[in-house]
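Visitor: Once you've had a glance at the structure underneath, I'll fire off some questions.
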Amino acid sequence: MPVDATAKPGRLRRFLDSDIGWSFCRTPAAWLSTMVLVLLIATAFLAPLIAPQNPHDLAQVFIDKAEIPPIWQAGGEWPFLLGTDPQGRDVLSAILYGTRVSLLIGIAAVIVSMGLGVSVGLVSGFYGGRIDNLLMRLGDTVLSIPTLLMAILVSAIFRELLPPGLREPFAAVVLVVSISLTNWVQYARTVRASTMVERRKEYVLAARIIKVAPARIMRRHILPNTLTPVMVAATLNLGLAILSEATLSFLGVGMPITQPSLGTLIRIGNQYLFSGSWWLVVFPSLQLGLIVLSVNLLGDWLRDALNPKLR
Amino acid sequence: MPAFLLKRLLNAAGVMLAVAFLAFLIFRFVGDPVELMLNEQASQAQRDELRVRLGLDRGFVLQFATFVGNAARGDFGISYRNQQDVFTLITERFPATFELVLVATFLSLAVGIPLGVYTAIRRDSLLAKSLQFVSVLGVSLPSFALGILFILLFSVTLQWLPAFGRGEVVQIGWWSTGFLTPSGRRALILPGITLSLFQITLVMRLVRAEMLETMRTDFIRFARARGLPARAVNFRHALRNCLMPVITVTGLQIGNLIAFALVTETVFQWPGMGMLFVQAVTFVDIPVMAAYLIVVSFIFVSLNALVDLLYAYVDPRLREDAISGAANAR
Amino acid sequence: MKKHWLLAAVAALALNGAAEAKTLKWGASREIASLDPYSYGETFTLSVLNHVYEGLVRYTGDLKIEPALAESWETVSPTVWRFKLRQGVKFHNGNPFTADDVIASLDRVTHDTSPLKGNLPAYKSAKKIDDYTVEIEVNGPYPLLLNDLTNIFIFDKEWMEANNTSLPTDSGKGIKGYATDNTNGTGPFKVESRRADAKTVFIKNPTWWDKPQHNIDVIEFTPITSASTRVAALLSGEIDFTNVAPLQDLPRLAASPDVKVLQTNELRSVFFALNLKDALFESDVKDKNPFKDIRVREALYRAIDIDAVQKRAMRGLSRNTGALVAPAIPGYEPSQDVRLPFDLDGAKKLLAAAGYPNGFSFQFNCQADSLVNEEEFCQAVASMWSRAGLKPNLSLAPRSQQTPKRVKGDFDVISFGWANEPMIDAYSLLVQVLRSKSGTGGVFNWGNWGDPRIDALIDKAGVELDNSKRIPMMMEALKIAKAEHLFIPLHQQPMAWAMRNTVASTVQASDNKPRLWLTMLK
């Protein structure tokens, strides 16, 4: 027990004493955005526990409670802190659940595109030659189609390939796939470049001589050395992935109205912009902006902190 | 040099072929064209006849070859939705999108460069720090939400600017321009700003980074040491040195702006290619989707190739290392 | 080319002697599919093109049939109608209107590749008697030929032949037709220029045969798909008129001193139709179809709190109904327009009695862009059904994506709206929707509903020319459908137009079609 008790603060201490930690504490943007992010993520994932209502459970939604303004306005009503939508759905609950959807899709898309990109980069950089050429040409092709367009098309294709009954339940998966398929190239290029450097180093040559399997070399020896830029890219890409999802949902090719993400909520709210129900579009937009802003601030700081040139 | 030129062009052609293949897949497999074109009462004989007429009974490779051949001649068939020639539909809308992108590009340079220079020179001033923060904000706010807020503020509440469309346009040959009428120019303002915001922050950050980099180089230090006035050092030497990458990235970004314009066009009901495409997606109007993909990628790939070639011309060191990757900063 | 049109417009205005051209800027919710009324069988496109093209007969502002290009008609035999054509009518290009034009148009609209073929179901053949007399023969005694003809627009034969567009555009051939981009009608307005998805300009036809009851010189038609943008445009004066004002924005529009709102109920009745095939499409009940049990259908009906739907989802503007057709439609019976009361406990008991005390799941298909506030009322009803213990899986997507599923029968419950247009007669609903599928009947019977008694009545009414016998037959058929709860009625949907004060008066008929030739500007 005492060991555990000292181990934890020990690690934290070590982080705070390190260069990075020092920079972290000295940069308000970094720790502020981290705090905001932790709060947003926690509330989003605890939504079933803390949200006043489950907006997906139709039996809990009463249309008589439609379009109640936020609680501080005349006509506001407990427990609808941020008001309700035209269905009588609590806006705060919808935002919490919507944030969960947006974050899950964003994180999943980053993980999938990172996994894909890192694997391609490792293989490409390690083997070189024809495989490398083929994979990198593939990457060029992906990059030669503007990302937003690519994401729309991939999601259209995947949606059509699914049987009609599965399209809505699998909407999130379709989004993850379409965002990932457009975003992996950056990771692949980064990893490939560092792999090509690493593979000529002596420790790799030594491992090859003693006939360690290539997969193992890549995973155990090369991968750890390429991770720093990948992590920076992943943080910055999380913001982009969340925005891509929101944009697709806003255009009506993303999450359906029955499982709304923040982008879907903004699209719905947009229809009520002139009827006076401003809270339907303003709050989801703020939440989306806040998430992406914190992620980007954190990513910016991480990039600068890890870049020796800028110290 | 000719070898590099050839290699780069072949590369571009290969990429276009891959894009055409993707477009073909969409055309062939997203929904059955026969089902989409005929109404539900059509008989089996009508279906079979249409299948033969469209060449869907032929082999896969032959179909693809036909598709590429037709596309190269600008023949993408007719739209399922409004039965018009697809290529005509796209060329009719191209001027609207292009003028919007032009305005956005102009704004991004006119605003982004001064801001970038300022934040680099006075990197520790409060204003520069705030601008840095605002630039992150600019990347973080979704452009559709900004567009909506602009409409609410400037069109509905203040009634200063139009909320949709291009206003009056003047037809010059096949080109329709909104630059020549007052209402056309006014209509460009809000969508132009909305589309350019992301680009402004991009240019600003790029200029700042390049300026900081350049100012650490020896020749700037040397210039300073010689006692040249700060203004001359900053603008005549440092800024000039970092304009090349700015112009390159701007050129490359035009392709991305054209694609990204589809969000702005949707918000402002701007009758450009992007809106055509979004409508085609909701109506599953496959020929339009496929054609748009090919046309936009073609612009994108040509710009990339052109920039690479220019770069190689200017800087021989780069001939072996294509820089097309920079294009997709987004 | 465009410049040429511009000059023509200026010349036309000068001829009118108007000091300034009176322009109406019309913001619609969607683009017309084509300038060719026969290339796409869609009501809205037809209603816009009705300003350019006309039929032999037309509806008045209060939906009575009146002569248009035909001056009079008579039935020569139960299956042959003779039309006397109006003399002295000219097409926009100056060609005279004669019997040949009518024959050529009827040939075109009934051609195999014509999407509008179904709008003239009884047509057999037509022949010219003399230059101003035409006889149309129908398959059998058919009471609704005139109603159908209101939407069959007349083209100029010479013009069609000169431009090789005598056949309808065939999308399969991959060639666009001349009439897709060009027009030549007889109507009160002619097309001056068109940029699809941006602006279509109509100008007054100074040589129209009828005495104009409008003072509009120019109509600028602009599609604005986004409802909020349309509202903003109207408030800021960029458009003068919209025929689709979003319900949620009506209070704000009405509050503006420059804008007025015209609001009434449409002919379109909205109901839910059920999958009555042997098994449900997507459900936890696999072996049978619970909807075949009338108690389950009644439970679905009773679980709907119609007042909440009306007040919230429809903003208090819909007309609740127990009938399947609107009061203005022949076949409507006030005694049938009574709803089963909202009764949640009763619904639960009925479900329990039918053997589903814990409910069951089913797929509920609604369209995002078809009926008025369809997203809203479908979600509201889905939550009401959930409260009765059922598990509806709501599928909400644009019409273009939902229609294929509906046509294939891949659904369990669908929202459905039927206006009985252009017939304005309950026969339209009966023969196209309620009838079991057979031949041309039951084209929209996607869920295998129907009843042999209803089919028999429909077939009898279809050949009865005497309205005093025909209408009771239709009422009887509708009564059976109601007693069986084949459909679950909801409401007649509201329609709302909004216009700036520059529009002095217009005619808003319940078919929701703008008739700008009956519109005066200030």
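Visitor: For the structure I just gave you, tell me whether C:G316 is on the phi > 0 side of the Ramachandran plot and out of contact with any strand residue (DSSP E or B) (no Cβ under 7 Å at 6 or more places or on another chain). Full working, then the answer.
Guide: Details: on the phi > 0 side of the Ramachandran plot: yes; out of contact with any strand residue (DSSP E or B) (no Cβ under 7 Å at 6 or more places or on another chain): yes.
In short, yes.
Visitor: If we keep just the residues of the range A:144-165 that are closer than 30 Å to C:P392 by Cα and touching a Gly at 6+ places or on another chain (Cβ under 9 Å), which is least open to solvent (accessible area, probe 1.4 Å)?
Guide: Only one residue fits best here, namely A:S155.
Visitor: Being open to solvent by 40 Å² or more (accessible area, probe 1.4 Å), under 30 Å from A:G76 (Cα atoms), within 12 Å of chain C (Cβ to nearest Cβ) and touching a residue at least 12 places away in the same chain (Cβ under 8 Å) is the requirement here; does A:T264 meet it? Let's see the steps before the verdict.
Guide: Values: open to solvent by 40 Å² or more (accessible area, probe 1.4 Å): no; under 30 Å from A:G76 (Cα atoms): yes; within 12 Å of chain C (Cβ to nearest Cβ): yes; touching a residue at least 12 places away in the same chain (Cβ under 8 Å): yes.
No.
Visitor: Take the range A:233-247 and flag every residue that is touching a Gly at 6+ places or on another chain (Cβ under 6 Å) and either away from chain B (no Cβ under 11 Å) or modelled with pLDDT under 90 (or both).
Guide: Within the range A:233-247, A:T235, A:L236, A:L238, A:A241 qualify.
Visitor: Select from the range C:175-226 the residues that are under 23 Å from the mean Cα position of the chain (by Cα), within 11 Å of chain B (Cβ to nearest Cβ) and of a type in the set (G, A, S) and list them in ascending order.
Guide: Hits for the range C:175-226 are C:A179, C:A196, C:S226.
Visitor: Can you go through C:R319, C:R302 and tell me which one is open to solvent by 40 Å² or more (accessible area, probe 1.4 Å), over 24 Å from the mean Cα position of the chain (by Cα) and either within 14 Å of another protein chain (Cβ to nearest Cβ) or more than 18 Å from A:G88 (Cβ to Cβ) (or both)? Please lay out each step first, then the result.
Guide: On the way: C:R319 fails: over 24 Å from the mean Cα position of the chain (by Cα).
None of the others qualify; the one that does is C:R302.
Visitor: Looking only at the range C:495-522, how many residues end up being part of a strand (DSSP E or B) and not hydrophobic (A, V, I, L, M, F, W, C)?
Guide: Pass one, the range C:495-522, residues part of a strand (DSSP E or B): C:495-500, C:503-505, C:520-521.
Checking which are not hydrophobic (A, V, I, L, M, F, W, C) leaves us with C:500, C:505.
Result for the range C:495-522: 2.
Visitor: Now for a separate question. Here's a check for you: in the range C:227-236, which residue that is over 14 Å from C:A255 (Cα atoms), more than 7 Å from chain B (Cβ to nearest Cβ) and touching a helix residue (DSSP H, G or I) at 6+ places or on another chain (Cβ under 8 Å) is most open to solvent (accessible area, probe 1.4 Å)?
Guide: Looking at residues that are over 14 Å from C:A255 (Cα atoms), more than 7 Å from chain B (Cβ to nearest Cβ) and touching a helix residue (DSSP H, G or I) at 6+ places or on another chain (Cβ under 8 Å), I get C:A227.
Visitor: Checking the structure you have, find out if any residue of the range C:146-163 is open to solvent by less than 40 Å² (accessible area, probe 1.4 Å) and modelled with pLDDT under 85.
Guide: Keep residues of the range C:146-163 that are open to solvent by less than 40 Å² (accessible area, probe 1.4 Å), which gives C:146-156, C:159-160.
Next, from what is left, pick out any that are modelled with pLDDT under 85: none.
No, that holds for no residue.
Visitor: Separate question: Mind telling me which of the residues A:G239, A:G276 ends up being of a type in the set (G, A, S) and open to solvent by 30 Å² or more (accessible area, probe 1.4 Å)?
Guide: Details: A:G239 fails: open to solvent by 30 Å² or more (accessible area, probe 1.4 Å).
Going through A:G239, A:G276 in turn, just one is of a type in the set (G, A, S) and open to solvent by 30 Å² or more (accessible area, probe 1.4 Å): A:G276.
Visitor: Taking the condition within 15 Å of A:A109 (Cα to Cα) and of a type outside the set (V, I, T), does A:L248 pass?
Guide: Details: within 15 Å of A:A109 (Cα to Cα): yes; of a type outside the set (V, I, T): yes.
It is true that A:L248 is within 15 Å of A:A109 (Cα to Cα) and of a type outside the set (V, I, T).
Visitor: Go through (1) more than 23 Å from the chain's Cα centre (by Cα); (2) part of a loop (DSSP other than H, G, I, E, B); (3) not basic (K, R) and name the single condition C:D459 misses.
Guide: That leaves (2) as the condition not met.
Visitor: Could you say whether any residue in the range C:80-87 is in contact with a Lys or Arg (Cβ under 8 Å, 6 or more places away or on another chain) and either more than 14 Å from chain B (Cβ to nearest Cβ) or open to solvent by 40 Å² or more (accessible area, probe 1.4 Å) (or both)?
Guide: Of the range C:80-87, the ones in contact with a Lys or Arg (Cβ under 8 Å, 6 or more places away or on another chain) are none.
No, every residue in the range C:80-87 fails to be in contact with a Lys or Arg (Cβ under 8 Å, 6 or more places away or on another chain) and either more than 14 Å from chain B (Cβ to nearest Cβ) or open to solvent by 40 Å² or more (accessible area, probe 1.4 Å) (or both).
Visitor: Here's something else I'd like to know. Return the residues of the range B:100-136 that are within 13 Å of another protein chain (Cβ to nearest Cβ) and either surrounded by 19 or more Cβ atoms within 10 Å (Cβ to Cβ) or among the β-branched types (V, I, T) (or both); say none if nothing qualifies.
Guide: If the condition is that a residue be within 13 Å of another protein chain (Cβ to nearest Cβ) and either surrounded by 19 or more Cβ atoms within 10 Å (Cβ to Cβ) or among the β-branched types (V, I, T) (or both), then B:V101, B:A120, B:Q132, B:V134, B:S135, B:V136 are the ones that fit.
Visitor: Moving on to the next point. Taking the range C:66-121 only, how many residues are in a strand (DSSP E or B) and small (G, A, S)?
Guide: Initially, the range C:66-121 is screened for residues in a strand (DSSP E or B), giving C:66-67, C:70-77, C:80-85, C:90, C:96.
Next, only the ones that are small (G, A, S) stay: C:70, C:72, C:77.
Residues in the range C:66-121 being in a strand (DSSP E or B) and small (G, A, S): 3 in total.
Visitor: Let me ask something additional. Is one or more of the residues making up the range B:55-65 away from chain A (no Cβ under 14 Å), on the phi > 0 side of the Ramachandran plot and modelled with pLDDT under 85? Show your work before the answer.
Guide: Narrowing the range B:55-65 to residues away from chain A (no Cβ under 14 Å): B:55-65.
Now drop any that are not on the phi > 0 side of the Ramachandran plot, which leaves B:55.
From what's left, modelled with pLDDT under 85: B:55.
Taking every residue of the range B:55-65 in turn, at least one turns out to be away from chain A (no Cβ under 14 Å), on the phi > 0 side of the Ramachandran plot and modelled with pLDDT under 85.
Visitor: If you don't mind, there's one more thing I want to ask. In this structure, is C:V109 touching a Pro at 6+ places or on another chain (Cβ under 8 Å) and of a type in the set (A, V, I, L, M, F, W, C)?
Guide: yes
Visitor: In the range A:200-212, is there at least one residue being farther than 22 Å from B:S143 by Cα, touching a residue at least 60 places away in the same chain (Cβ under 8 Å) and more than 14 Å from chain B (Cβ to nearest Cβ)? Lay out the reasoning, then the answer.
Guide: At the first step, the residues of the range A:200-212 found to be farther than 22 Å from B:S143 by Cα are A:200-212.
So of that shortlist, the ones also touching a residue at least 60 places away in the same chain (Cβ under 8 Å) come out as none.
Within the range A:200-212, none of the residues are farther than 22 Å from B:S143 by Cα, touching a residue at least 60 places away in the same chain (Cβ under 8 Å) and more than 14 Å from chain B (Cβ to nearest Cβ).
Visitor: Right, another one. With open to solvent by 20 Å² or more (accessible area, probe 1.4 Å), under 26 Å from A:V177 (Cα atoms) and more than 14 Å from chain C (Cβ to nearest Cβ) as the only criterion, which of A:R26, A:R100 stands out?
Guide: Going through A:R26, A:R100 in turn, the sole match is A:R100.
Visitor: Right, here's the next one. Name the residues in the range A:162-179 that are closer than 17 Å to B:V281 by Cα and at pLDDT below 75, would you?
Guide: Answer for the range A:162-179, where residues must be closer than 17 Å to B:V281 by Cα and at pLDDT below 75: A:P164, A:R167, A:E168.
Visitor: Would you call A:R189 more than 14 Å from chain B (Cβ to nearest Cβ) and open to solvent by 20 Å² or more (accessible area, probe 1.4 Å)? Full working, then the answer.
Guide: On the way: more than 14 Å from chain B (Cβ to nearest Cβ): no; open to solvent by 20 Å² or more (accessible area, probe 1.4 Å): yes.
In short, no.
Visitor: Just to be sure I understand, how many residues within the range B:66-91 are on the phi < 0 side of the Ramachandran plot and without any contact (Cβ under 8 Å) to a residue 40 or more places away in the chain?
Guide: To start, the set of residues in the range B:66-91 that are on the phi < 0 side of the Ramachandran plot comprises B:66-73, B:75-76, B:78-82, B:84-91.
Add one more test, that the residue is without any contact (Cβ under 8 Å) to a residue 40 or more places away in the chain, and what stays is B:66, B:69-70, B:72-73, B:75, B:82, B:84-85, B:88.
Residues flagged as on the phi < 0 side of the Ramachandran plot and without any contact (Cβ under 8 Å) to a residue 40 or more places away in the chain within the range B:66-91 amount to 10.
Visitor: Sticking with this structure for a sec: Which condition from (1) basic (K, R); (2) away from chain A (no Cβ under 14 Å); (3) touching a residue at least 12 places away in the same chain (Cβ under 8 Å) is the one that C:K288 breaks?
Guide: Against the list (1) basic (K, R); (2) away from chain A (no Cβ under 14 Å); (3) touching a residue at least 12 places away in the same chain (Cβ under 8 Å), C:K288 comes up short only on (3).
Visitor: While we're looking at this one, here's another question. I'd like to verify a number: residues in the range C:369-423 that are facing chain A (nearest Cβ under 7 Å), open to solvent by 30 Å² or more (accessible area, probe 1.4 Å) and within 26 Å of C:E266 (Cα to Cα), how many?
Guide: 0
Visitor: Residues being under 12 Å from the mean Cα position of the chain (by Cα) and more than 10 Å from chain A (Cβ to nearest Cβ): count how many of those fall in the range B:291-301.
Guide: Here the count works out to 1.
Visitor: Could I ask something else about it? Assess whether B:A327 counts as being modelled with pLDDT of 80 or more and crowded, with 18+ Cβ neighbours inside 10 Å.
Guide: Details: modelled with pLDDT of 80 or more: no; crowded, with 18+ Cβ neighbours inside 10 Å: yes.
No, not satisfied.
Visitor: Then there is this: I'm checking my understanding of the structure. Among residues of the range C:250-285 that are among the charged types (D, E, K, R), assigned to a loop (DSSP other than H, G, I, E, B) and within 14 Å of chain A (Cβ to nearest Cβ), which one is most open to solvent (accessible area, probe 1.4 Å)?
Guide: Taking the range C:250-285 as the starting set, the residues that turn out to be among the charged types (D, E, K, R) are C:252, C:258, C:260, C:266, C:268, C:277-278, C:282, C:284.
If we keep only those that are assigned to a loop (DSSP other than H, G, I, E, B) too, we end up with C:258, C:277-278, C:282, C:284.
Add one more test, that the residue is within 14 Å of chain A (Cβ to nearest Cβ), and what stays is C:282, C:284.
Numbers: C:E282: 58, C:D284: 90 Å².
Across the range C:250-285, the extreme among qualifying residues is C:D284.
Visitor: Taking only the range A:287-306 into account, find how many residues are open to solvent by 20 Å² or more (accessible area, probe 1.4 Å) and more than 9 Å from chain B (Cβ to nearest Cβ).
Guide: Residues in the range A:287-306 being open to solvent by 20 Å² or more (accessible area, probe 1.4 Å) and more than 9 Å from chain B (Cβ to nearest Cβ): 7 in total.
Visitor: Out of all the residues in the range C:237-249, is one or more open to solvent by 40 Å² or more (accessible area, probe 1.4 Å) and within 12 Å of chain A (Cβ to nearest Cβ)?
Guide: Looking only at the range C:237-249, we keep the residues that are open to solvent by 40 Å² or more (accessible area, probe 1.4 Å), and these are C:238, C:244.
Then keep just the ones that are within 12 Å of chain A (Cβ to nearest Cβ); that gives none.
Checked against the condition, which is being open to solvent by 40 Å² or more (accessible area, probe 1.4 Å) and within 12 Å of chain A (Cβ to nearest Cβ), the range C:237-249 yields no hits at all.
The values are calculated or read from the model by the stated rules, or taken from the named source; none is laboratory data. None of these values were measured; they are calculated from a predicted model. Please note: Cβ atoms are built from the backbone with ideal geometry, for glycine as well, and neighbour counts cover all protein chains shown. Just so you know, the surface numbers come from the protein's heavy atoms only, side chains and all, with ligands and any DNA or RNA stripped out. Shrake-Rupley method; radii C 1.70, N 1.55, O 1.52, S 1.80 Å.
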